[in-house]
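Working notes, structure below.
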Amino acid sequence: MPATKGKTRILLVDDDPNIVQLVRLYLEKEGYEVETADRGDTAVEMFRKNPPHLMLLDIMLPGMDGWAVCREIRRTSNIPIIMLSAKGETFDRVLGLELGADDYIVKPFEPKELVARIKAVSRRYQSGDNAPAKEISFTGLTVNISRYSVVYAGKELEMPPKELEVLFFLGSH
């Protein structure tokens, strides 16, 4: 999945160029590979083409807001999502977490705290050496549970998450 072997790839979705520049600087210094999008619809497109390991997602975006992006990603994937937003009300935080975000950080934030939260969320998603396989393959069929993708006869299939999980379970047993 990562473009550079061994690096965690993060998709940073924010329309503020100053925040993008600052966050990218800190994350690249920590060894992360950072891709960026300044629109919600662009982020969903990028996610579908090459899912990142983690997503940092602003709420107020052109094209498609962060709430809609989060809902769309959660339909097919359980990658870690950390919301970054100026919306700091309890309602907004709870909504973000209920929609499937793993963490919610209010702007302005300390970049070092953001990096620490990324590491904490990533630890929860990393698997050890004894973890079960994340991908199964048969002749003409590949099911990848970590990316929530099914490829049959060389073509990626659209499939609801529960059906994919059942297929993965059946194929694993």
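The values are calculated or read from the model by the stated rules, or taken from the named source; none is laboratory data. Keep in mind that this is a model prediction, so the values were computed, not measured. So basically every Cβ, Gly included, is an ideal-geometry build from the backbone, and we count neighbours across all protein chains shown. Accessible surface is based on the protein model in full, side chains and every heavy atom, while ligands, DNA and RNA are left aside. Shrake-Rupley method; radii C 1.70, N 1.55, O 1.52, S 1.80 Å.
Which option, (1) 17.3; (2) 19.5; (3) 16.9, is the value of Kirkwood radius over Cα pairs in Å that was calculated from these coordinates?
Computing Kirkwood radius over Cα pairs in Å and matching it to (1) 17.3; (2) 19.5; (3) 16.9 gives (3).
List the lysines whose alpha-carbon lies under 28 Å from that of residue 49, not counting same-chain residues fewer than 8 positions away?
Excluding near neighbours in sequence, the set is 5, 7, 29, 119, 134, 155, 162.
Out of every Cα-Cα pair in region 79-124, what percent are more than 13 Å apart? Let's see the in-between values first.
Details: 545 of 1035 pairs.
That fraction is 53 percent.
With charges set only on the Cβ (+1 for Lys and Arg, -1 for Asp and Glu), what does the dipole of region 88-168 come to about its Cα centre, in debye to the nearest 20?
Working: 11 positive and 13 negative charges, 56 e Å.
Value, rounded to 20: 260 debye.
Computing the accessible area with a 1.4 Å probe over protein heavy atoms, can you report the carbon and sulfur percentage for the chain? Write out the running numbers ahead of the final one.
Working: 5150 of 9910 Å².
Of the solvent-accessible surface of the chain, carbon and sulfur hold 52 percent.
If you count only protein heavy atoms and use a 1.4 Å probe, how large is the accessible surface of residue 64, to the nearest 10 Å²?
60
Enumerate the amide H contacts of residue 57 below 5 Å, restricted to partners 5 or more residues apart or on another chain; note that Pro and chain-start residues carry no placed amide H.
Amide H neighbours of residue 57, under 5 Å, 5+ apart: 13, 82, 83, 84.
Normalising by the residue count of region 18-173, find the relative contact order in percent from Cα pairs under 8 Å and 6+ residues apart.
Working: 187 pairs, mean separation 26.0, N = 156.
Averaging sequence separation for qualifying contacts and normalising by length gives 17 percent for region 18-173.
Among 147, 74, what's the order by accessible area (1.4 angstrom probe), most exposed first? Display every interim value, and only then the final one.
Values: 147 85, 74 60 Å².
Most to least solvent-accessible, the answer reads 147, 74.
Over the chain, give the accessible area per residue in Å² for a 1.4 Å probe, as an integer. Don't skip to the answer; put the middle values down first.
Numbers: 9910 Å² over 173 residues.
Per-residue value: 57 Å².
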